[in-house]
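Take a look at the structure set out below.
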Amino acid sequence: MPAAANPAAPAAASAAALAVPDPGALLAWYDRHRRRLPWRAAPGTQQDPYRVFLSEIMLQQTTVVTVAPYYANFLRRWPTVAALAAAPLEEVLSAWAGLGYYARARNLHACARAVVEHHGGQFPSEEAALLALPGIGPYTAAAIAAIAFERRAAPVDGNWERVVSRLFAVEEALPKARARLRPLAVSLLPAARHGDFAQAMMDLGATICTPRKPACALCPWQSRCAARAGGAPERYPVKAAKAARPTRQGVAFLAVRADGAVLVRSRPPKGLLGGMSEVPSTPWEPGGVALPAAHAPVKASWTALNATVTHVFSHFALELQLWRADLPAGQPAPAGHRWVAPQGFDAEAFPSVMRKILAHAGSTPAPAR
Ligand code: SF4
């Protein structure tokens, strides 16, 4: 069937008059070239929904290489969804430290509890029931439904979007184009092997149809791709101009006791880095706050270090100037704060930005697990 017969197909694809990509060609390619990933079951075997769930939550905004050791650690500590549900949230956050986007860790834990409390410890297989679980959005619900339960579902992530936008040369810009890309993605779904197809799309996007320099000569859909036919596949997906990321500034107060302990506190449970451990600081504001000293956690002789820690969050960049005070060994912690010895850093849920700050305390915390 020519692409022009598909009412969802854009004008560019119609003009190219290419045949609709055959899912069988992609599945045959996948059978030969699938990536070996720790969370993937061997060909022909049933995927464990818990493993799919764990890996998909971890992989959001994070690379396969970064996720692999975290995935192994989580699976070793909490091999089932029931074990994860029974774990204290603080331990889960601490094991997550360094992966970023900490709301995902809290949602992971809340979801495990909901699966145990409302589904007897078994993940539901329908997309709609999965969507009702905390922290599971349309992408993750479709991924679990397709990969673990062989449901006909399209987990459209960045890889899918790139491949589909190129196949059909979609000229509309993201994010608005998503409304068009989704039905085009669904139009590609095969009659069977839904789990393999979902993962084949991910692999094609990750290894062949890459953001820069796609290896079209190796692509199983090269003769059906409108972007390739047009000669400029890298032009897709078209993206709307990004708003500039604002910068916020502040001062972080590094209070170090004579025995090496550092003063820390916990962030509020909701919001950015919710529930994580942190070095006290001023509020983070564009331009910084007017009187940083007023926010110091203890009265002390504070010295501005010649050091600024920077970190980029999804919606703003942060610059924290470091102030340091050295305090006697017996100094008590003010209300809401606690002293943590360097050997206790690893048990705390310090996000990456706080680990950068602690590196200036005189001893470097262990790298994030
Ligand atoms: S032919 Fe090239 S641009 Fe088109 S889907 Fe394949 S790798 Fe991507």
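Laboratory data are not the source of any read-out in this text; all were calculated from the coordinates shown. Note that this is a predicted model, so its numbers are computed, not measured. Cβ placement follows ideal geometry from the backbone for every residue including glycine, while neighbour counts extend to all protein chains displayed.
A few notes on this one:
- Segment 191-246-segment 49-105 distance, computed between alpha-carbon centres (Å): 28
- Hypothetical label at VAL289: residues of segment 269-283 whose amide nitrogen lies under 13 Å (7 Å Cα-Cβ projection): 280-283
- Inverse mean reciprocal Cα-Cα distance (Kirkwood Rh) of segment 3-235, Å: 18.6
- Prolate/oblate/rounded call for segment 19-153, Cα gyration tensor, a/c under 1.5 rounded: prolate
- Label-point separation, ALA329 to GLN343 (7 Å along Cα→Cβ), nm: 1.4
- Theoretical FRET efficiency, 1/(1+(r/R0)^6), r = Cβ-Cβ of HIS33 and GLU171, R0 35 Å, to 0.05: 0.70
- Count of lysine pairs in the chain with Cα separation under 25 Å (8 or more residues apart, or interchain): 7
- Placing R0 at 56 angstrom, the Cβ-Cβ distance between ALA83 and ALA232 gives a FRET efficiency of 0.65 after rounding to 0.05.
- Degrees, to the nearest 10: 49-59 long Cα axis against longest axis of the chain: 70
- Rg ratio (alpha-carbon, reference 2.2 N^0.38 Å) - segment 116-202: 1.16
- The chain: angle of helix 178-188 to the longest principal axis, Cα-based, in degrees nearest 10: 50
- Remark on SER281: its backbone amide H falls under 5 Å from those of PHE253, a criterion applied only to residues 5 or more positions apart or on other chains, H modelled at 1.01 Å from N.
- Packing rank of 103-111, 57-65, where each peptide gets the mean count of other beta carbons within 10 Å, highest leading: 103-111, 57-65
- Computed over the alpha-carbon pairs of segment 174-246, the distance histogram in 10 Å steps reads 15, 44, 32, 7, 1 percent, short to long.
- Equivalent ellipsoid dimensions for segment 247-358 as semi-axes, Å, which come from the Cα gyration tensor, largest first: 21, 17, 12
- Using just its DSSP H runs of length 4 or more, each adding -39500 (n - 2.57), the chain gives a mean residue ellipticity at 222 nm of -10500 deg cm²/dmol after division by all residues.
- Distance in nm between pseudo-label sites at SER352 and ALA103 (7 Å out along the Cβ direction from Cα): 1.8
- Calculated log₁₀ intensity ratio I(q)/I(0) where the Debye formula runs over C-alpha points of segment 79-153, q = 0.16, 0.19, 0.28 Å⁻¹: -0.58, -0.79, -1.26
- Relative contact order %, the chain, counting alpha carbon pairs below 8 Å whose residues are six or more apart: 17
- Segment 177-321 - Debye-derived log10 I(q)/I(0), Cα point model, q = 0.12, 0.15 Å⁻¹: -0.74, -0.86
- Taking a point 7 Å from the Cα of ALA206 along the Cα-to-Cβ direction, the residues of segment 116-149 with backbone N closer than 16 Å to it are 140, 143-144, 147-148.
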